[in-house]
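Q: Please see the structure below; I have some questions.
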Amino acid sequence: MHARIVKGKIIKYTKLPSAFGNTLVGFNKLSESEHEKYGFYTIITPSYNNKTEYLDNLHSKDNHECSDGKKRTVFIYDIKTKTFSETLEELKSKKIKKLKSAAYTKLESTDWYVTRKAEKGTAIPDAIEKERNDIRSSVNTKESEINALTKKINVFNYDIIL
């Protein structure tokens, strides 16, 4: 991608125009240095974690060291850390709710064993009882771990996969 400044505003181009300025045809096939003469500069998108960060403030930067080692003018984004409007306790509560919902879904497939035992007295197979106990134990452990967290971002990133 490229961008240029027009009347003080950054305009992004997913594709360079095939015709521009005095070049009627083939502008997009010119060299990078030719594009730069017309104010078209490469947009650099830094690596970032889109789960916890976002891109902000596309701006021009002179003398940016590019991957080829050369210094060029480019357009580049700043990376900002996401913020959360919820309190730490609200985030924990939401995460624990998702955890318990995931456990409910996992337990649901074997609930019929429990119903059958209650209605007919038929024993629940040992493997099923172990699986259900392991799920509940995992939920208890993860809930304690979530409650012990002290930063919003850590609660947000906590993996609840059972």
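The values are calculated or read from the model by the stated rules, or taken from the named source; none is laboratory data. Because the structure is predicted, anything quoted here is derived from the model rather than measured. Cβ sites come from the backbone with ideal geometry, for glycine too, and all protein chains shown count toward neighbours.
Q: Based on what the data block shows, is Asn63 in contact with an Asp or Glu (Cβ under 8 Å, 6 or more places away or on another chain), loosely packed, with under 15 Cβ neighbours inside 10 Å and over 30 Å from Glu143 (Cα atoms)?
A: no
Q: Taking Thr105 and the conditions (1) in the same structural domain as Ile128 (by TED's automatic domain parsing); (2) farther than 30 Å from Asn154 by Cα; (3) of a type in the set (Val, Ile, Thr), which numbered condition does it fall short on, given that it satisfies the others?
A: Exception for Thr105: condition (2).
Q: Here's a follow-up. When you go through (1) surrounded by 15 or more Cβ atoms within 10 Å (Cβ to Cβ); (2) within 25 Å of the chain's Cα centre (by Cα); (3) more than 30 Å from Ala3 (Cα to Cα); (4) not aromatic (Phe, Trp, Tyr) one by one for Lys98, which number turns out not to apply?
A: (1)
Q: Another one. Looking only at the stretch 73-119, count how many residues are in contact (Cβ under 8 Å) with a residue 40 or more places away in the chain and more than 22 Å from Ile160 (Cβ to Cβ).
A: 1
Q: Right, here's the next one. Tally up the residues in the stretch 136-154 that are modelled with pLDDT of 95 or more and buried (at least 17 other Cβ atoms within 10 Å of the Cβ), please.
A: Counting residues in the stretch 136-154 that are modelled with pLDDT of 95 or more and buried (at least 17 other Cβ atoms within 10 Å of the Cβ) gives 6.
Q: Taking the conditions exactly as written (within 23 Å of Lys51 (Cβ to Cβ), touching a residue at least 12 places away in the same chain (Cβ under 8 Å) and either not basic (Lys, Arg) or not in a helix (DSSP H, G or I) (or both)), does Ile135 satisfy them or not?
A: No; evaluated as a whole, the condition is false for this residue.
Q: If you go through the stretch 14-26 one residue at a time, how many are closer than 24 Å to Leu58 by Cα and either at pLDDT below 90 or surrounded by 15 or more Cβ atoms within 10 Å (Cβ to Cβ) (or both)?
A: Residues meeting the conditions: 2.
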